[in-house]
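I have placed the structure first, in the form of structure tokens, so that the comments after it can refer back to it.
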Amino acid sequence: MSKYDLDSLNEQQKEALFETEGVVLVTAGAGSGKTRLLTHRICYLIKEKNVSPHNILAITFTNKATNEMKERVSQMCDRGVWISTFHSMCVRILREHINRIEGFDGKFTIIAENDKTKIIKELLKKNNIDEDDKDKVSTHLENIKNKGLDIDEYFDALIEIDSNKKNLRQYQKVCLEYEEYLRKNNSLDFDDLLNKTLFLFHNYPDVLAKYAERFKYILVDEFQDTNLVQYKLIKLLSSVHKNLFVVGDEDQCIYSWRGANFHNIFNLKKDFENVKVFKLERNYRSTKNILNLANNVISNNKERLDKNLWTDKNDGEGPVVYSAFDERDEALFVARTIDDLSREGFSYNDFAILMRVNALSRALEEGLMSFQIPYKLYGGFKFYERAEIRMILSYLSIFVNPKDEISLLKIINFPKRGIGDASIENLKEEAGEEYLLSYLLSEKFKYSKYYSKLEKFVECFVKLQNDVDTIPLFEFVKKVVSLFGIDTAYAGKDEESIEKIANIDSLISGVKEFCEDNENSTLADYLAEVMLKTDTDQIQENGVVTLSTIHSVKGLEFPVVFVVGLEEGIFPLARASLSSEEMEEERRLMYVAITRAEERIFLTYTAKRFVYGKTNPQAPSRFLRELGIVDKKHTKLLSSDSVRSEKEECFDSGFKIGDKIFHNRFGEGTIVNISDDGLVADIDFEMFGKKSLMLNIAKLEKLED
């Protein structure tokens, strides 16, 4: 139970807490106890300064943070304070006052993101604009709303510097119609909650006065994540009493792509007089060795307030840097290390594997599964559940099973061929009792009105049907992706499109690995293998390993952290070199990743990786140099060669040729060959044929003869 105890605060925290009047900026490093400071300040105002809870507003960014703060405050001073997220605060204000805006009343509904996308699609169709432009329209809407701009003024300014006037005018029309659609339906999207509240404050002084006069003390958490609209709301709400207390860390601003503007920390000092600045630099989370890494890398950023994290904890274990041969070697190193440490007393919940892009997860997931380590993926779907991967697997499936109408219906209009739901129903009717794919391949289909739309699809299928058993499986999958235009469907330059292409590359790499491990295997064998991989994880008593993008774990901490894929072009992303601002955000992501670790940190990179459709040599990330890990006294440097040599010296599997074994996935089998180093066995499984497994990884049970 949380306790109000000022003596539990360190001197830096106390200095900031006691400064109750005026504008206070606290730049709080990772793990420096900012939530403790915020909750104690609220209770200090109530208990020591006799401020009514009614006159205090505390704003957070997530529901989780809101609930945590409410619980702590209620335990420490047992009073009701308005604590909420920005969006929840705005909903309360709008419920009471939105009727001032024409077309809206307090019973408005809030639409979800998928509803927003659906509305935009319908408007694009109505205006005869390609549905693929929905992302561009969405981006324009987000830019407009995150900055609180007028639609017409926004597009007029763009058209002055962009020659593509026709498209921009079309997007402008769709944006205006989108706004009118919401108005007619008395609906708001999430961005509207902020913008409509700002509109009320600007245009109805009495509404602003009601709240600005009420809230004598305002506290804001995660201030670096505020966008321009949120910053304007805070300025207006604090315009009467000017008692504003904000806590943030510009070093952890990693959401610029959704409007966050860490420059608001610097703007605060410009827009308010006599801003008092305090630094929280004492870290309660990590060991000294981990903090040294964090301080080293973030010091390379120019746009930041200077601070240096420190701790009175011990040095702890030094970082481990592993130079892997390729992505499979990297994944097996991570899985093997987790397996070893779990035997030393760590639970699976203690581990986090962090990646810059979730396209890296395929090899990592397979590595974890090979050790039977349960995991949960955050920040994206598990690899084989991602839409672009499921689409390719559906394409492959119809070459194995022409009767698979479920897969056929998924792909028949992807990429777009003008075959909607009504067309599909008509095609089914034309086919009658015949399987739909069989009908599409028949002579009579050439007389269908849909033939022109599906002619190329049919031609590609026939051409590839002849290749399925005559060319290497790896090459066949590449041809499926290319001929059906699956790769061009994700040809955008935005981060989402880049990730989808990377995922497709990773799938092709996985097929290549499968072929290398399973000679003479067929497409049917591969699809069966994938189905085994996508079986539901068995959650064990000691939890699951967290496999996540770095964005998704901000605010969390783990005893052991792996940061993988530390290569130029992956982390930092290739496009990050286009500007110093983007590179600084990439570096902040690295800082966030490192500061998730409490006790141990492992950093990995590969000598080569399958990206952009082929295996490429990889250069180590510049962040590895910036971390200062060249000092071997405090850093353990490992490579695939050194790990392999260590195994060769001491590894003895205890198995021999002829042994009958049992594997929990492949069942019973017989060892028919063992490599000279004793690491790899060829096993002939009764149900799955011959497979090559690493004996130091595969958990095999020897059966009695």
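The values are calculated or read from the model by the stated rules, or taken from the named source; none is laboratory data. Predicted model, so just to flag it, every value in this text is computed and none were measured. Heads up, the Cβs are rebuilt from the backbone with ideal geometry, glycines too, and the neighbour counts pull from every protein chain shown. To get the accessible areas, we keep the full protein, side chains included, count just its heavy atoms, and leave off ligands, DNA and RNA. Shrake-Rupley method; radii C 1.70, N 1.55, O 1.52, S 1.80 Å.
Of note:
- Flag for ALA65 being in a strand (DSSP E or B) and of a type in the set (Gly, Ala, Ser): no
- Count - residues of the range 92-122 that are closer than 24 Å to PRO205 by Cβ, open to solvent by 30 Å² or more (accessible area, probe 1.4 Å) and assigned to a helix (DSSP H, G or I): 5
- The range 616-628, residues that are free of Cβ contacts under 8 Å to residues at least 24 places away in the same chain and assigned to a strand (DSSP E or B): ASN616, PRO617
- Considering the range 84-109, the residues that are without any contact (Cβ under 8 Å) to a residue 40 or more places away in the chain and touching a helix residue (DSSP H, G or I) at 6+ places or on another chain (Cβ under 7 Å) include one that is farthest from LYS70 (Cα to Cα), namely GLY106.
- Pair list, Cβ < 6 Å and 6+ apart or interchain, from the range 179-194 residues that are in contact (Cβ under 8 Å) with a residue 12 or more places away in the chain to residues that are open to solvent by 50 Å² or more (accessible area, probe 1.4 Å) and assigned to a helix (DSSP H, G or I): LEU193/HIS87
- Residues of the range 191-223 satisfying the condition of being assigned to a loop (DSSP other than H, G, I, E, B), more than 31 Å from the chain's Cα centre (by Cα) and either closer than 23 Å to PHE262 by Cα or among the aromatic types (Phe, Trp, Tyr) (or both): TYR204, PHE215
- Those residues of the range 467-491 which are of a type in the set (Gly, Ala, Ser) and either in a loop (DSSP other than H, G, I, E, B) or in contact (Cβ under 8 Å) with a residue 12 or more places away in the chain (or both), in sequence order: GLY485, ALA489, ALA491
- Scanning the range 479-496 for residues that are surrounded by 15 or more Cβ atoms within 10 Å (Cβ to Cβ) and at pLDDT below 80 turns up just one, TYR490.
- With respect to being closer than 22 Å to PHE623 by Cα and buried (at least 19 other Cβ atoms within 10 Å of the Cβ), VAL320 falls outside the description.
- From the list GLU222, GLU250, the lone residue that is on the phi > 0 side of the Ramachandran plot, buried (at least 16 other Cβ atoms within 10 Å of the Cβ) and in contact (Cβ under 8 Å) with a residue 12 or more places away in the chain is GLU222.
- Selection status of TYR181, modelled with pLDDT under 95, farther than 30 Å from THR27 by Cα and over 29 Å from the mean Cα position of the chain (by Cα): yes
- Within the range 61-75, residues that are buried (at least 19 other Cβ atoms within 10 Å of the Cβ) sit with their Cβ atoms under 7 Å from residues that are part of a helix (DSSP H, G or I) and modelled with pLDDT of 85 or more, at 6+ positions apart or across chains, in these pairs: PHE61/ASP225; MET69/THR35; MET69/LEU38; MET69/THR39; ARG72/THR39; VAL73/THR39; VAL73/ILE42; VAL73/CYS43.
- Of the residues making up the range 142-152, one or more are open to solvent by 10 Å² or more (accessible area, probe 1.4 Å), in a helix (DSSP H, G or I), over 23 Å from TYR211 (Cβ atoms) and at pLDDT below 90.
- For the range 272-322, filtered to residues that are of a type in the set (Asp, Glu) and more than 26 Å from the chain's Cα centre (by Cα), the residue that is modelled with the lowest pLDDT is ASP306.
- Residue match in the range 510-522 (condition: in contact with a Phe, Trp or Tyr (Cβ under 9 Å, 6 or more places away or on another chain), at pLDDT below 80, closer than 30 Å to SER397 by Cβ and part of a helix (DSSP H, G or I)): no
- For the range 275-302, residues that are open to solvent by less than 70 Å² (accessible area, probe 1.4 Å) and charged (D, E, K, R) total 4.
- Pairs with Cβ under 6 Å, 6+ apart, first in the range 18-33 and under 19 Å from ASN267 (Cα atoms), second in a loop (DSSP other than H, G, I, E, B) and β-branched (Val, Ile, Thr): VAL23/VAL275; LEU25/VAL275
- Residues of the range 330-385 that are without any contact (Cβ under 8 Å) to a residue 60 or more places away in the chain, among the small types (Gly, Ala, Ser) and either under 22 Å from LEU556 (Cα atoms) or open to solvent by 20 Å² or more (accessible area, probe 1.4 Å) (or both): GLY345 alone.
- Criterion violated by GLY248 - all others in (1) under 30 Å from PRO620 (Cα atoms); (2) within 29 Å of the chain's Cα centre (by Cα) satisfied: (1)
- Among the residues making up the range 1-43, a single one is hydroxyl-bearing (Ser, Thr, Tyr), part of a helix (DSSP H, G or I) and open to solvent by less than 30 Å² (accessible area, probe 1.4 Å): THR39.
- Within the range 525-566, restricting attention to residues that are among the hydroxyl-bearing types (Ser, Thr, Tyr) and at pLDDT 75 or above, the residue that is most open to solvent (accessible area, probe 1.4 Å) is SER552.
- Helices (runs of 4 or more DSSP H) (entirely within the range 225-318) containing at least 1 residues that are within 30 Å of VAL560 (Cα to Cα) and not charged (D, E, K, R): 288-298
- The range 582-615, subset without any contact (Cβ under 8 Å) to a residue 12 or more places away in the chain and either assigned to a helix (DSSP H, G or I) or among the acidic types (Asp, Glu) (or both), residue least open to solvent (accessible area, probe 1.4 Å): MET583
- Test: residue in the range 399-411 that is open to solvent by 50 Å² or more (accessible area, probe 1.4 Å), in a helix (DSSP H, G or I) and farther than 27 Å from GLU131 by Cα: yes
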